[in-house]
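Step one of this worksheet: look at the structure below.
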Amino acid sequence: MSGIVENVNDENYEDFTQAPAAIVAYGIATCEPCKAYDPILEDMAKGHTHVRFGKAKMHVPGKCRSIKKQHNFETYPTTHFFSNGTLLDTKEGKLESAKLVALIAQHFSQNI
């Protein structure tokens, strides 16, 4: 995988979530917890290259309409954990590094 946080939108969402290990964080520009989550995601991507990390910018007009129709978001950020197109888990709110590491181990240990 890449070791970076990729931009996720309607065009690449299906392909992105088909990875053996994929995490998508959904956020909006005006959300302070979303902004605070960005550096955590970037650090995790560098340290967990077996996982594909993505961020869906839900505020960008026309870029995530299909994603919004597929999921009901009550809180930003919201994080989804996917494996081969299957949604494994949903977590609302900013995840701290230790919690994210634990969830990665829980969901993707077979992909290491």
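Odds and ends about this structure:
- Taking every DSSP helix (H) stretch of at least 4 residues in the chain, weighting each as -39,500 (n - 2.57) and dividing the sum by the residue count yields a mean residue ellipticity at 222 nm of -10000 deg cm²/dmol.
- Filter on K55/K91; K69/K99; K35/K69; K46/K99; K63/K99; K57/K99 - keep pairs with C-alpha separation over 18 Å: K69/K99; K35/K69; K63/K99; K57/K99
- Stokes-Einstein diffusion coefficient of the chain, Kirkwood radius over Cα pairs, 37 °C, 0.692 mPa s, in µm²/s: 239 µm²/s
- Residue range of the chain that is longest and free of GluC sites (Glu not before Pro) which are both DSSP loop and sparsely packed (at most 16 other C-beta within 10 Å): 12-73
- Cysteines without a disulfide-compatible neighbour (Cβ-Cβ under 4.7 Å), the chain: C64
- Antiparallel bridges, percent of DSSP beta bridges restricted to segment 5-103 (to nearest 5): 50 percent
- Share of pairwise Cα separations in segment 41-83, more than 16 Å, in percent: 48 percent
Rule-based calculations on the coordinates, nothing more; no lab input. Everything numeric here is computed off the predicted structure, so don't read it as measured data. All Cβ positions, glycine included, derive from the backbone under ideal geometry; neighbour counts span all protein chains shown.
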